[in-house]
Amino acid sequence: MGNGFVCPRCGNSDPRYIGYKKGASYCRRCLVFQGEEAVFPPSHPKQVKLSLGYRLSKEQQELSNRILFNFQRGVDTLVYAVCGSGKTEISYGVIGYAMSKGMKVAFALPRRDVVIELYHRLHEAFPLNKFVAVYGGHSADLVGDCIVLTTHQLYRYPDCFDLIIMDEVDAFPFKGSELLEAMLERSLKGRLIMMSATPSKALVKRFKGAGKEILTLHTRFHKHPIPVPRLELGPRPLLFLSLVRKLRRYGKVGKPCFVFVPTVELSESLYRKLAGICAKGDYVSSKRVGRSDIIDRFKKGGYRYLVTTAVLERGITVKDLQVIVYRADEAIYDAAALIQIAGRAGRKKDAPDGEVTFLAQKETEGIRDAILEIRHCNAFL
Ligand SMILES: [Zn+2]
């Protein structure tokens, strides 16, 4: 069976994922990627004004120029930028250029909260242009000068983009997803720029050879090292005790703390266990109602600690913040995620000495790579 049917959407030809209905073949692999597709009006050059409010560092500016140069000469670029080195900003040059030529531009990211955050940043940086954010449940408007979207939503733009920038390519769910890869290939008409803090060997290989270039940005924007995480290994009950001890110690000296947990369920259940022992805490997750109020209160010093899922991984800066990852050996925590989390600590100039602790039953590849990568990164400062 299979009859040589190749799915026009995702390229699947595996008969196990091919169904038959009324004598016609259809693909079951990409069934979830169905919905309205974008229709762009005829393109024309746009007026573009970049207003950043700050200057790029010398390294950022050089890379920004190189990426633009590559785009103009038809070369795909992988940007290997470690640990919060300000890699988003180095793509603004090429985004502005492509928009000014009336080209179709997309910025794709694996997760919706990051899409929303970036959408606001781009909107501020390019006040004259229309950006649209497209993600699951938010797809009424599909057309603008630049589309900021989750990788899942690329299926709405077949054979469309002159430029796709993709960040966090080594993060779940894009990493290792053949289907999302296929959707990327399908929507890409022109050049590709990928960015990663922890590029896999496969990704590096993809950008070797003619018509491609790998660039590295090693300088962290704040010029402060990320605290090297300390790994504490032990059985669960001991890890819990260690967590309690740390929260009490931080509480005494008035240092706020994020406790990262792998699941929504655990954010609540762990907090319930802690609540009677460690005062002045709370928990947040994507499911928690009123979470922005809780976060606001945390920033104002209303709590000593928050138990949180990855929703607080990025974008929030708190003075003197300490970071604990509880059950850091769970599969969801690959090196990229752990580095991102560790980068939450010590981000303010006046308190660059946050502590980061990984509590785990065993050392995983992700834990080991994250610690090595952060050491490596700090060595460049
Ligand atoms: Zn398909």
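Considering only the range 50-60, state which residues are open to solvent by 30 Å² or more (accessible area, probe 1.4 Å) and either outside any loop (DSSP other than H, G, I, E, B) or farther than 30 Å from residue 216 by Cβ (or both).
58, 59, listed by residue number.
Looking at residue 260, is it open to solvent by less than 60 Å² (accessible area, probe 1.4 Å), at pLDDT 90 or above and outside the structural domain of residue 303 (by TED's automatic domain parsing)?
Values: open to solvent by less than 60 Å² (accessible area, probe 1.4 Å): yes; at pLDDT 90 or above: yes; outside the structural domain of residue 303 (by TED's automatic domain parsing): no.
In short, no.
When only residues in the range 294-310 that are open to solvent by 60 Å² or more (accessible area, probe 1.4 Å) and at pLDDT below 90 count, which is farthest from residue 245 (Cα to Cα)?
Here is the first cut: in the range 294-310, the ones open to solvent by 60 Å² or more (accessible area, probe 1.4 Å) are 296-297, 299-300, 304.
Those still in the list that are at pLDDT below 90 too: 296, 299-300.
On the way: 296: 26, 299: 23, 300: 24 Å.
Here the residue is 296.
For residue 78, are the conditions met, namely being away from the ligand (no atom under 16 Å from the Cβ), crowded, with 19+ Cβ neighbours inside 10 Å, aliphatic (A, V, I, L, M) and touching a residue at least 60 places away in the same chain (Cβ under 8 Å)?
Numbers: away from the ligand (no atom under 16 Å from the Cβ): yes; crowded, with 19+ Cβ neighbours inside 10 Å: yes; aliphatic (A, V, I, L, M): yes; touching a residue at least 60 places away in the same chain (Cβ under 8 Å): yes.
For residue 78, the condition - away from the ligand (no atom under 16 Å from the Cβ), crowded, with 19+ Cβ neighbours inside 10 Å, aliphatic (A, V, I, L, M) and touching a residue at least 60 places away in the same chain (Cβ under 8 Å) - is met.
Does residue 210 satisfy the condition of being more than 22 Å from residue 338 (Cβ to Cβ), among the aliphatic types (A, V, I, L, M) and outside the structural domain of residue 170 (by TED's automatic domain parsing)?
Details: more than 22 Å from residue 338 (Cβ to Cβ): yes; among the aliphatic types (A, V, I, L, M): yes; outside the structural domain of residue 170 (by TED's automatic domain parsing): no.
Against the criterion (more than 22 Å from residue 338 (Cβ to Cβ), among the aliphatic types (A, V, I, L, M) and outside the structural domain of residue 170 (by TED's automatic domain parsing)), residue 210 does not qualify.
Residues checked against (1) open to solvent by 80 Å² or more (accessible area, probe 1.4 Å); (2) in contact with a Phe, Trp or Tyr (Cβ under 7 Å, 6 or more places away or on another chain); (3) away from the ligand (no atom under 16 Å from the Cβ); (4) not in a loop (DSSP other than H, G, I, E, B):
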{"position": "5", "(1), (2), (3), (4)": "no, no, no, no"}
{"position": "20", "(1), (2), (3), (4)": "yes, no, no, yes"}
{"position": "34", "(1), (2), (3), (4)": "yes, no, no, no"}
{"position": "42", "(1), (2), (3), (4)": "yes, no, yes, no"}
{"position": "45", "(1), (2), (3), (4)": "yes, no, yes, no"}
{"position": "62", "(1), (2), (3), (4)": "yes, no, yes, yes"}
{"position": "69", "(1), (2), (3), (4)": "yes, no, yes, yes"}
{"position": "93", "(1), (2), (3), (4)": "no, no, yes, yes"}
{"position": "107", "(1), (2), (3), (4)": "no, no, yes, yes"}
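Which is open to solvent by less than 10 Å² (accessible area, probe 1.4 Å) and aliphatic (A, V, I, L, M), of 214, 193?
193
Return the pair list, or none, for Cβ contacts closer than 8 Å from residues in the range 144-171 that are at positive phi to residues that are small (Gly, Ala, Ser) and outside any strand (DSSP E or B), at least 6 apart or on different chains.
Listed by first residue and then by second, the contacts come to 159/187; 168/197; 168/336.
What pairs come up if the first residue lies in the range 35-62 and is without any contact (Cβ under 8 Å) to a residue 24 or more places away in the chain, the second is part of a loop (DSSP other than H, G, I, E, B) and aliphatic (A, V, I, L, M), and their beta carbons are under 8 Å apart, counting only those six or more places apart or on different chains?
Hits for this filter: zero, empty list.
Report yes if residue 143 is at pLDDT 90 or above and not in a strand (DSSP E or B), otherwise no. Before the answer, list the steps.
Working: at pLDDT 90 or above: yes; not in a strand (DSSP E or B): yes.
It is true that residue 143 is at pLDDT 90 or above and not in a strand (DSSP E or B).
Could you tell me whether the range 222-237 includes any residue that is assigned by TED's automatic domain parsing to the domain that holds residue 364, assigned to a helix (DSSP H, G or I) and touching a residue at least 12 places away in the same chain (Cβ under 8 Å)?
yes
The values are calculated or read from the model by the stated rules, or taken from the named source; none is laboratory data. Just so it is clear, the model here is predicted, and its values are computed rather than measured. Backbone-built Cβ (ideal geometry, glycine too); neighbour counts: all protein chains shown. Ligands, DNA and RNA are excluded from the accessible area calculation, which covers all protein heavy atoms including side chains. Shrake-Rupley method; radii C 1.70, N 1.55, O 1.52, S 1.80 Å.
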